[in-house]
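The values are calculated or read from the model by the stated rules, or taken from the named source; none is laboratory data. A quick note: this is a predicted structure, and the numbers were derived from the prediction, not measured. Counting neighbours? That spans all protein chains shown, and the Cβs are built from the backbone with ideal geometry, glycine included. All accessible areas refer to the heavy atoms of the entire protein, side chains included, with ligands and DNA or RNA removed. Shrake-Rupley method; radii C 1.70, N 1.55, O 1.52, S 1.80 Å.
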Amino acid sequence: MTAWVPSDALGRRVLCGTEYATVRYVGSVPSTAGIWLGVEWDDPQRGKHNGTYEGTQYFKCRHPRGGSFIRPNKANFGVDFLTAVKDRYGLNDEQDVQRGTENTLVFGKKAVEFVGMDSIAEQQRQVQLNQLVDISVRECAVSHAGQKEEISRTCANIRHINLSKNLISSWETVTVIASQVQNLETLNISENKMKFPSTSTSASSVFSKLKILALNQTEITWAEVLLCAPGWPALEELYLTSNNITILERPDENVLQTLKLLDLSDNQLLDGNQLHLIAHLPRLEHLILRNSGISSMHFPDAGFGCKTKMFPSLKRLAINDNKISQWSSINELDKLPSLRSLQCHNNPFMDTEKNPETLRQLIIAKISQLEVLNKSEILPTERKGAELDYRKIFGNDWLAAGGNWNPEKNKPSEEFLAAHPRYPSLCLKYGAPEEGELKGRQPLTLKNQLLTLTIKCPEKPEQKPVEKKLPESMTIQRVKGLLYRLLKIPGSELKLSYESSKLEGKEVELDNDLKPLQFYSIENGDCVLVRW
């Protein structure tokens, strides 16, 4: 018996056991009987050739061993959307048949059937399907929409659909399904290798309420995104990871204007200048560029200390796992007017500083408005410490480059400002570093790391102040341990702060037991205050 082959089999997605493939050929192969399907496997290791068999090319594959011939009865062409929903949620006809014995009662040896139970079961099934709001049919071999209007009659209240990793072959199939879901807000069709429109789609009501769309691993190009985008007038989040997108182009002013989140992770963009093409999306708040091959970032429309007009609403940026090797790209991020959160792990520039805490301080000092770095909140005391340290660390470089305590003579070079664009604003905020501070920046021998501090108890005037030499690397917890030996008060009961001649009238609380003294920018001669 010859297996049935759909009339539109060519180009369809199929499942063979647990392996996914695309049909590239339907027909005979000489010297064998019957119909064969030539398929290109998603996993090229599954194949045997590139579509050429015994000298004849039947189809083409991207991988030299990505193709095979299989018999049609080995190929699963999938099911319609509603069948998959009923199977997934236990509401299909077969299960009702299996439960058929529940429709009878036995009196003695005589079985009595309750008439009308099937129609009642059908009504209950319809009610249950109509109550579904959030539907997931991931990996359910969905390949088509099914009978016309059947979805809208049966599942009228759907708002969120997960259709990932199915057998959908074209964007047209997605549109047919979505056209029957009036209030669709979230759609995930990732891991479906689909054919997308090659001409611009007209704006229609099909996706009029769609806010979140995931198209990860669908092989969509950026050009195809822009062709489909007029149909997404309310879209807020767009996920496009792992699609081999290499080239961007600027969207027209009538598309993607509502977009708040864009994820382009795991696409190898050619360079950071590609980002300029999406830099004018007016509402974009969250941009995810993890592992996207970017080696630099630059906003040429703004000079040192100025804000760019690009990415006007961008609050959160993820550039981890990239190739950024120069600190100049981190300097550039200070130009983004709304940036509040940054993820930048696993970039070569981070290898230039071995101490992770110093590395964090440098990034904080360079980006003025940052509130969260690598998912960790930046507290006001941490920012202050980072900026004061930055001001001291590069103070001698500032002097060597033409910096001066006399405002009339303070003319640091363009090279220095390019490397440290925030330095002038830090000097305005805290004052230029004093000569004594800069002389203290000697090689970090143990002797140079010792701080001479005065320790006093303001609420216990009878307790005489004590002068101690402490390593600046000593944690607050260890300082409390030292004070316990002096005062016989448990460290858990002690509250520490410090005063500095540079912060007249202010006390800075030493509120994190795990941080070292240097974290708070404590210097020689400062006074540690102890309360309990």
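Sort the following peptides by mean Cβ neighbour count (other Cβ atoms within 10 Å, averaged over residues), highest first: 297-304, 174-181, 341-348.
Packing order, densest peptide first, comes out as 174-181, 341-348, 297-304.
Evaluated at 37 °C with a viscosity of 0.692 mPa s, what Stokes-Einstein diffusion coefficient in µm²/s does segment 450-531 have when Rh comes from the Kirkwood expression over alpha-carbon pairs?
Calculated translational D: 259 µm²/s.
Would you mind checking the tilt of helix 117-131 against the longest principal axis of the Cα atoms of the chain, expressed as 0 to 90 degrees and rounded to 10?
30 degrees
On a full-extension model of 0.36 nm per residue, what is the gain between R153 and Q57, subtracting their alpha-carbon distance, rounded to one decimal in nm?
Using 0.36 nm per residue and subtracting the Cα-Cα distance, I get 29.9 nm.
Which percent, to the nearest 5, of DSSP beta bridges fully inside the chain are antiparallel?
Beta bridges within the chain, antiparallel portion: roughly 55 percent.
Could you work out what % of the accessible surface of the chain is carbon and sulfur, using a 1.4 angstrom probe and leaving DNA, RNA and ligands out of the count? Before the final figure, lay out the partial values.
Numbers: 13900 of 27950 Å².
C and S atoms contribute 50 percent here.
Give me the distance in nm between label points sitting 7 Å out from Cα along the Cα-to-Cβ direction at Q369 and N76, one decimal.
5.1 nm
Would you mind calculating the relative contact order of segment 12-74 from Cα pairs under 8 angstrom and at least 6 residues apart, reporting the percent as a whole number?
Relative contact order for segment 12-74 comes out at 30 percent.
Cα atoms only: what Rg and Dmax, in Å, come out for the chain?
Reported Rg and Dmax, both Å: 33.4, 112.
Rounded to the nearest whole Å², what accessible area per residue is found for segment 450-531 with the 1.4 Å probe?
58 Å²
What's the FRET efficiency of S295 with K464 using the Cβ-Cβ distance as r and R₀ = 51 Å, to the nearest 0.05?
Numbers: r = 60 Å, r/R0 = 1.17.
Step by step, r from the Cβ atoms, then E = 0.30.
Any of K429/K464; K86/K315; K315/K392; K315/K429; K74/K148 with alpha carbons more than 32 Å apart? Name them for me.
K429/K464; K86/K315
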